[in-house]
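Every number here is computed from the coordinates shown, using simple stated rules; none is lab data. All values reported here derive from a predicted model rather than from experimental measurement. Here Cβ is always computed from backbone atoms with ideal geometry, including for glycine, and neighbour counts include all displayed protein chains.
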Amino acid sequence: MGLEQYLTVIDDSKDTLDVLADQIWGCAETAYSETKSVEKLTEFFRKEGFTVKDKAYGIDTAFTASFGSGSPRIGILGEFDALSGLNQIAGLVEKKSEHPGAPGHGCGHNLLGVGSAAAALAVRDYLKAGHPGTVIYYGCPAEEGGSGKAFMAKEGAFRDLDAAITWHPGTSNVVVTNSSLANFQVLYSFEGTAAHAAGCPELGRSALDSLELMNVGVQFLREHMIEQARIHYAIVDAGGYSPNVVQPTAKAIYLVRAPKQQDAAELLARVDNIAKGAALMTDTKVTRRFIKSCANFVSNRTLEKLLYQSMQEVGVPSYTEEEYALAAKYTATAPAGSDRGYDELVSDMLIPGDIKFMKAHKKDRLWDFIVPYEEIHIVKATGGSTDVGDVSFQCPTAQITCMTLAPLTPGHSWQIVSQGKSTTAHKGMRFAGKSLALAVMKLMESPDTLKTARAEFDEVMADQKYIPIPKDAHPVAMSSLY
Ligand SMILES: [Zn+2]
Ligand SMILES: [Zn+2]
């Protein structure tokens, strides 16, 4: 019997795994507040015989769960944080919430964490059968807005791994070959002097003026930066709601992104100068607080190929007519232009046959196939960022996306929250678990593949510079900033 025998535990534990994912969906805790979700996951791992380390790397809601001993050491990454404001009734094909404004699992991390746990469970059975090696599940908090993995990486969390793999819920089954943008997030706080806005305006120094001038300055900067860079901001304090008072405080969080960390850091230095200039113009003070950063994702082709093979060997789940029909209803709610991602995926393809295949399936009710994989050497950066980037700077890393959502479901949307407990989502989660587990076992069986992955990692890293999170920076719950 081959390695497939160890995957059966994932189907045997179907009920436990599905319930766990649903429970975490219900917890819907945002960055660095994921205490209940962590409790549920660690309880699961303890029951299954893993060694659990709570509050790992000095972070309250980070943990590791490991099984086995010695080399090779393979990491599986799990996430479980939700997004603010996205609460939504599960299974309803219409935007409706019972708790408007409350958080919701708008990125599918309830499935991500449990799918990765399923993979660890299967690898445990393989190790139990007497094979050497260690599997380590990383319970990574705050992927959204908190860069949990970057803070874990600061403590060297992933350095002694031979490889790390993960997955993300999505609309298709595909190996992630793209890079992602590096980013820095900084809070700028302006301090001025309050005064009666009509009686003695000459005594006032407006912090809000500074913030507005900063925003205008950055607006001019946007014309003079590299094309793939992005600068976003959110005003978290506008100095109160009284127009007859000169505003004494104003704060904004800036998020600066670029394809490489070095580019993002240089851009951030220019934003810093604009903030200083704005304070100088208005005779106010500005202070800067580092919140978080994450590195660009550097994938490993050797691991990508292995993940692709594993997905193919596991084979995609089959779906019922009800599941196809429901998916079509969700797709009908997608905003215009949502199919851009699909078209981009097709435009990256090198083989005419694959392009034809993908075009023919565009209107399918579920993308229930594995997107053909071809080693794509032109590494494009996607519009977003992920803290998996920081892991990819410490060991060979790769990731896949598995289908849990109807075609064209937009990112961070009520549609994702609504579909987060569906049978289609559960099937995709278990498919992810099996694919990751098979890849880990193949790696444990093949020191040569690990060696090739490491050699590729060393070669690629020679061209990259890693800027870790400053030693004195600590994770910040975004909700505490305003
Ligand atoms: Zn997300
Ligand atoms: Zn996500």
*MRE, 222 nm, helices only [DSSP H, n ≥ 4, -39500 (n - 2.57), over the chain, to nearest 500]*: -12500 deg cm²/dmol
*Taking the Cα atoms only, what angle lies between the long axis of helix 321-331 and the longest principal axis of the chain, rounded to 10 degrees?*
20 degrees
*Ranking of Thr171, Thr134 by count of other Cβ atoms within 10 Å, fewest first*: Thr134, Thr171
*Cα-based helix-to-principal-axis angle, 423-445 vs the chain, degrees rounded to 10*: 70 degrees
*Using the 10 angstrom Cβ neighbour count as an exposure proxy, how do Glu445, Glu98, Glu143 rank, fewest first?*
Glu98, Glu445, Glu143
_Run the numbers for Lys356 and His99: contour at 0.36 nm per residue of separation, minus the present Cα-Cα distance, in nm._
88.1 nm
*asked:* I need Arg301, Arg430, Arg159, Arg289 ordered by Cβ neighbour count within 10 Å, fewest first.
replied: Arg159, Arg289, Arg301, Arg430
*Ranked by how many other beta carbons lie within 10 Å on average, peptides 280-287, 205-212 from highest*: 205-212, 280-287
*Once the convex hull of the C-alpha atoms of the chain is built, how many Å³ does it hold per residue, rounded to a whole number?*
151 Å³
*Rounded tilt (10° steps) of 14-27 against the dominant C-alpha axis of the chain*: 10 degrees
*segment 35-74: trypsin sites (Lys or Arg not before Pro) in DSSP coil with no more than 11 other Cβ atoms inside 10 Å*: Lys55
*Of the cross-linked pairs Lys36/Lys251; Lys40/Lys95; Lys14/Lys128; Lys40/Lys442; Lys47/Lys154, which ones have a Cα-Cα span greater than 25 Å in the structure shown?*
Lys36/Lys251; Lys40/Lys95; Lys40/Lys442; Lys47/Lys154
*Hey, got the dipole for segment 9-99? About the Cα centre, +1 on K and R Cβ, -1 on D and E Cβ, debye to the nearest 20?*
280 debye
*How large is ³J(HN,Hα), in whole Hz, for each residue of segment 35-49 in order, when computed from phi with the Karplus curve 6.51 cos²θ - 1.76 cosθ + 1.60 and θ = phi - 60°, using x for Gly and Pro?*
5, 5, 4, 5, 4, 5, 5, 5, 4, 4, 5, 4, 4, 8, x
*Could you tell me which GluC sites (Glu not before Pro) in segment 298-383 are loop residues by DSSP with no more than 15 other beta carbons within 10 angstrom of their beta carbon?*
Glu374, Glu375
*How much length is gained on full extension from His131 to Arg288, taking 0.36 nm per residue of separation minus their Cα-Cα distance?*
51.4 nm
